[in-house]
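Visitor: Shown below is the structure under consideration.
The values are calculated or read from the model by the stated rules, or taken from the named source; none is laboratory data. Given the structure is predicted, the values throughout are model-derived calculations rather than measurements. With ideal geometry, Cβ positions are generated from the backbone for all residues, glycine too; neighbour counts draw on all protein chains shown. Protein only, heavy atoms only, side chains kept; ligands, DNA and RNA dropped before computing areas. Shrake-Rupley method; radii C 1.70, N 1.55, O 1.52, S 1.80 Å.
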Amino acid sequence: MQIEPATIEDARAIADIHIEAWRAAYRSIVSTDYLDTLSIEEKASVWRKAIIGGTPQLLVARIEDEIVGWIAFGPCRDEGAKDDEGEIWSLYVKPACWSKGARRQLWCQAREYLIAQGFKTVRLWVLADNAQAIGFYRAMGFVCQSETPQKFFLNGQSLWELCYARTLADE
(Lines give C-alpha, C1' and ligand atoms only; values in the text may rest on other atoms or scores of the structure.)
Protein backbone atom coordinates (compact mmCIF):
# COMPACT_ATOMS: atom_id res chain seq x y z
CA MET A 1 0.00 0.00 0.00
CA GLN A 2 1.27 3.44 -0.93
CA ILE A 3 0.30 6.62 0.93
CA GLU A 4 0.76 9.78 -1.11
CA PRO A 5 -0.63 13.29 -1.54
CA ALA A 6 -3.88 13.47 -3.49
CA THR A 7 -3.86 14.94 -6.99
CA ILE A 8 -6.67 16.61 -8.88
CA GLU A 9 -7.15 13.36 -10.80
CA ASP A 10 -7.99 11.62 -7.49
CA ALA A 11 -11.02 13.81 -6.68
CA ARG A 12 -13.58 11.46 -8.23
CA ALA A 13 -12.21 8.39 -6.41
CA ILE A 14 -12.10 10.36 -3.14
CA ALA A 15 -15.76 11.32 -3.66
CA ASP A 16 -16.72 7.70 -4.47
CA ILE A 17 -15.10 6.46 -1.25
CA HIS A 18 -16.58 9.34 0.75
CA ILE A 19 -20.12 8.41 -0.25
CA GLU A 20 -19.63 4.63 -0.16
CA ALA A 21 -18.14 4.82 3.34
CA TRP A 22 -20.86 7.17 4.59
CA ARG A 23 -23.60 4.86 3.29
CA ALA A 24 -21.99 1.82 4.91
CA ALA A 25 -20.89 3.35 8.23
CA TYR A 26 -23.79 5.71 8.88
CA ARG A 27 -26.78 3.71 7.54
CA SER A 28 -28.16 3.23 11.07
CA ILE A 29 -27.09 6.70 12.27
CA VAL A 30 -27.93 9.18 9.51
CA SER A 31 -31.24 9.40 7.66
CA THR A 32 -31.38 6.98 4.72
CA ASP A 33 -33.14 9.69 2.71
CA TYR A 34 -30.13 11.96 3.18
CA LEU A 35 -27.59 9.23 2.40
CA ASP A 36 -29.46 8.35 -0.79
CA THR A 37 -29.22 11.96 -2.03
CA LEU A 38 -25.42 12.26 -1.71
CA SER A 39 -23.93 13.23 -5.06
CA ILE A 40 -20.57 11.98 -6.27
CA GLU A 41 -20.34 14.95 -8.65
CA GLU A 42 -20.90 17.45 -5.81
CA LYS A 43 -18.39 15.73 -3.51
CA ALA A 44 -15.83 15.48 -6.34
CA SER A 45 -16.18 19.22 -6.92
CA VAL A 46 -15.59 19.92 -3.21
CA TRP A 47 -12.52 17.69 -3.14
CA ARG A 48 -11.13 19.13 -6.40
CA LYS A 49 -11.28 22.61 -4.85
CA ALA A 50 -9.62 21.37 -1.65
CA ILE A 51 -6.81 19.70 -3.57
CA ILE A 52 -6.21 22.84 -5.65
CA GLY A 53 -6.41 25.11 -2.59
CA GLY A 54 -4.34 22.89 -0.33
CA THR A 55 -6.79 23.04 2.58
CA PRO A 56 -7.36 20.57 3.96
CA GLN A 57 -4.37 18.51 2.94
CA LEU A 58 -5.33 15.15 1.51
CA LEU A 59 -3.43 11.88 1.41
CA VAL A 60 -4.67 8.80 -0.43
CA ALA A 61 -3.95 5.13 0.13
CA ARG A 62 -3.36 3.16 -3.06
CA ILE A 63 -3.15 -0.54 -3.67
CA GLU A 64 -1.63 -0.86 -7.12
CA ASP A 65 -3.51 1.87 -9.04
CA GLU A 66 -6.69 1.84 -6.95
CA ILE A 67 -7.40 4.39 -4.23
CA VAL A 68 -8.79 2.52 -1.22
CA GLY A 69 -8.91 5.35 1.33
CA TRP A 70 -8.03 8.92 2.15
CA ILE A 71 -7.45 11.32 5.02
CA ALA A 72 -8.02 15.08 5.14
CA PHE A 73 -6.18 17.13 7.78
CA GLY A 74 -4.88 20.57 8.60
CA PRO A 75 -5.14 23.30 11.21
CA CYS A 76 -7.83 22.80 13.84
CA ARG A 77 -11.04 24.60 12.84
CA ASP A 78 -12.50 24.73 16.36
CA GLU A 79 -13.21 28.17 17.75
CA GLY A 80 -10.39 29.22 20.06
CA ALA A 81 -7.97 26.55 18.78
CA LYS A 82 -4.29 27.33 19.23
CA ASP A 83 -1.94 27.65 16.28
CA ASP A 84 -0.21 24.38 17.22
CA GLU A 85 -3.45 22.33 17.18
CA GLY A 86 -4.12 20.24 14.10
CA GLU A 87 -7.27 18.40 13.12
CA ILE A 88 -8.19 15.25 11.27
CA TRP A 89 -11.04 16.61 9.17
CA SER A 90 -12.04 13.27 7.61
CA LEU A 91 -10.77 9.71 7.30
CA TYR A 92 -12.55 7.23 5.05
CA VAL A 93 -11.70 3.84 3.60
CA LYS A 94 -13.63 1.68 1.15
CA PRO A 95 -15.82 -0.66 3.21
CA ALA A 96 -14.28 -3.68 1.44
CA CYS A 97 -10.90 -2.57 2.87
CA TRP A 98 -11.99 -1.92 6.45
CA SER A 99 -9.74 -3.49 9.09
CA LYS A 100 -6.94 -4.12 6.58
CA GLY A 101 -4.52 -1.41 7.71
CA ALA A 102 -5.37 1.50 5.40
CA ARG A 103 -6.79 3.71 8.18
CA ARG A 104 -3.75 3.13 10.36
CA GLN A 105 -1.30 3.87 7.54
CA LEU A 106 -3.18 7.01 6.51
CA TRP A 107 -3.28 8.24 10.12
CA CYS A 108 0.44 7.52 10.67
CA GLN A 109 1.44 9.41 7.53
CA ALA A 110 -0.86 12.37 8.32
CA ARG A 111 0.61 12.45 11.83
CA GLU A 112 4.10 12.82 10.34
CA TYR A 113 2.91 15.69 8.13
CA LEU A 114 1.28 17.43 11.11
CA ILE A 115 4.43 17.07 13.23
CA ALA A 116 6.59 18.42 10.38
CA GLN A 117 4.29 21.46 10.19
CA GLY A 118 4.76 22.24 13.87
CA PHE A 119 1.50 20.96 15.29
CA LYS A 120 1.73 19.63 18.86
CA THR A 121 -1.74 18.15 19.28
CA VAL A 122 -4.49 16.91 16.99
CA ARG A 123 -8.26 16.79 17.39
CA LEU A 124 -11.09 15.18 15.51
CA TRP A 125 -14.85 14.97 15.75
CA VAL A 126 -16.63 11.63 15.46
CA LEU A 127 -20.31 10.72 15.53
CA ALA A 128 -21.12 9.50 19.02
CA ASP A 129 -22.84 6.39 17.61
CA ASN A 130 -19.92 5.41 15.36
CA ALA A 131 -18.47 2.71 17.60
CA GLN A 132 -16.11 1.34 14.94
CA ALA A 133 -14.42 4.72 14.38
CA ILE A 134 -14.27 5.46 18.10
CA GLY A 135 -12.56 2.11 18.70
CA PHE A 136 -10.00 2.88 16.01
CA TYR A 137 -9.24 6.36 17.34
CA ARG A 138 -8.86 5.07 20.89
CA ALA A 139 -6.45 2.41 19.62
CA MET A 140 -4.45 5.22 17.97
CA GLY A 141 -4.12 7.03 21.31
CA PHE A 142 -6.95 9.54 21.02
CA VAL A 143 -8.83 10.40 24.23
CA CYS A 144 -12.37 11.75 24.47
CA GLN A 145 -12.31 15.40 25.52
CA SER A 146 -15.85 15.56 26.89
CA GLU A 147 -18.35 13.02 28.10
CA THR A 148 -21.14 15.23 26.80
CA PRO A 149 -21.65 14.92 23.05
CA GLN A 150 -22.14 18.08 21.01
CA LYS A 151 -25.36 18.34 19.05
CA PHE A 152 -25.43 19.43 15.41
CA PHE A 153 -27.93 19.23 12.59
CA LEU A 154 -27.52 17.50 9.25
CA ASN A 155 -30.32 18.01 6.76
CA GLY A 156 -32.73 18.67 9.63
CA GLN A 157 -31.69 15.59 11.62
CA SER A 158 -30.08 16.12 15.01
CA LEU A 159 -26.90 14.13 15.52
CA TRP A 160 -24.32 13.96 18.28
CA GLU A 161 -20.56 14.07 17.99
CA LEU A 162 -17.64 13.74 20.36
CA CYS A 163 -14.26 15.45 20.27
CA TYR A 164 -11.19 13.25 20.60
CA ALA A 165 -7.61 14.51 20.86
CA ARG A 166 -4.04 13.39 21.42
CA THR A 167 -0.55 14.79 21.45
CA LEU A 168 1.42 14.18 18.31
CA ALA A 169 4.79 13.47 19.91
CA ASP A 170 3.52 10.38 21.76
CA GLU A 171 3.60 7.10 19.89
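Visitor: Mind checking which residues of the stretch 24-47 are part of a helix (DSSP H, G or I), open to solvent by 70 Å² or more (accessible area, probe 1.4 Å) and farther than 20 Å from residue 106 by Cβ? Talk me through it step by step, then tell me what you get.
Guide: To start, the set of residues in the stretch 24-47 that are part of a helix (DSSP H, G or I) comprises 24-25, 32-37, 40-47.
Checking which are open to solvent by 70 Å² or more (accessible area, probe 1.4 Å) leaves us with 33, 36-37, 41-42, 46.
33, 36, 37, 41, 42 - these are the residues of the stretch 24-47 that are part of a helix (DSSP H, G or I), open to solvent by 70 Å² or more (accessible area, probe 1.4 Å) and farther than 20 Å from residue 106 by Cβ.
Visitor: Give the stretch 117-166 a look and list any residue that's open to solvent by less than 60 Å² (accessible area, probe 1.4 Å) and either more than 18 Å from the chain's Cα centre (by Cα) or of a type in the set (S, T, N, Q) (or both), or say none.
Guide: Taking the stretch 117-166 as the starting set, the residues that turn out to be open to solvent by less than 60 Å² (accessible area, probe 1.4 Å) are 118-119, 121-124, 126-128, 130, 133-137, 140-142, 144, 146, 149, 152, 154, 157-159, 161-166.
The answer is 118, 121, 130, 146, 149, 157, 158.
Visitor: Determine which member of the set 5, 95 is touching a residue at least 40 places away in the same chain (Cβ under 8 Å), farther than 21 Å from residue 169 by Cα, open to solvent by 50 Å² or more (accessible area, probe 1.4 Å) and under 17 Å from the mean Cα position of the chain (by Cα).
Guide: Working: 95 fails: open to solvent by 50 Å² or more (accessible area, probe 1.4 Å).
So the residue among 5, 95 that is touching a residue at least 40 places away in the same chain (Cβ under 8 Å), farther than 21 Å from residue 169 by Cα, open to solvent by 50 Å² or more (accessible area, probe 1.4 Å) and under 17 Å from the mean Cα position of the chain (by Cα) is 5.
Visitor: On the given criteria, is residue 21 assigned to a helix (DSSP H, G or I) and surrounded by 14 or more Cβ atoms within 10 Å (Cβ to Cβ)?
Guide: Working: assigned to a helix (DSSP H, G or I): yes; surrounded by 14 or more Cβ atoms within 10 Å (Cβ to Cβ): yes.
Against the criterion (assigned to a helix (DSSP H, G or I) and surrounded by 14 or more Cβ atoms within 10 Å (Cβ to Cβ)), residue 21 qualifies.
Visitor: Within the stretch 80-94, does at least one residue satisfy the condition of being modelled with pLDDT of 95 or more, of a type in the set (Asp, Glu) and part of a strand (DSSP E or B)?
Guide: Checked against the condition, which is being modelled with pLDDT of 95 or more, of a type in the set (Asp, Glu) and part of a strand (DSSP E or B), the stretch 80-94 yields at least one hit.
Visitor: Additional query: For a quick check of your reading: which strands (runs of 3 or more DSSP E) sit entirely within the stretch 102-171 and have at least 1 residues that are at pLDDT 95 or above and within 17 Å of residue 25 (Cα to Cα)?
Guide: Working: elements: 121-127, 150-154, 157-167.
Counting at least 1 such residues, we get 121-127, 157-167.
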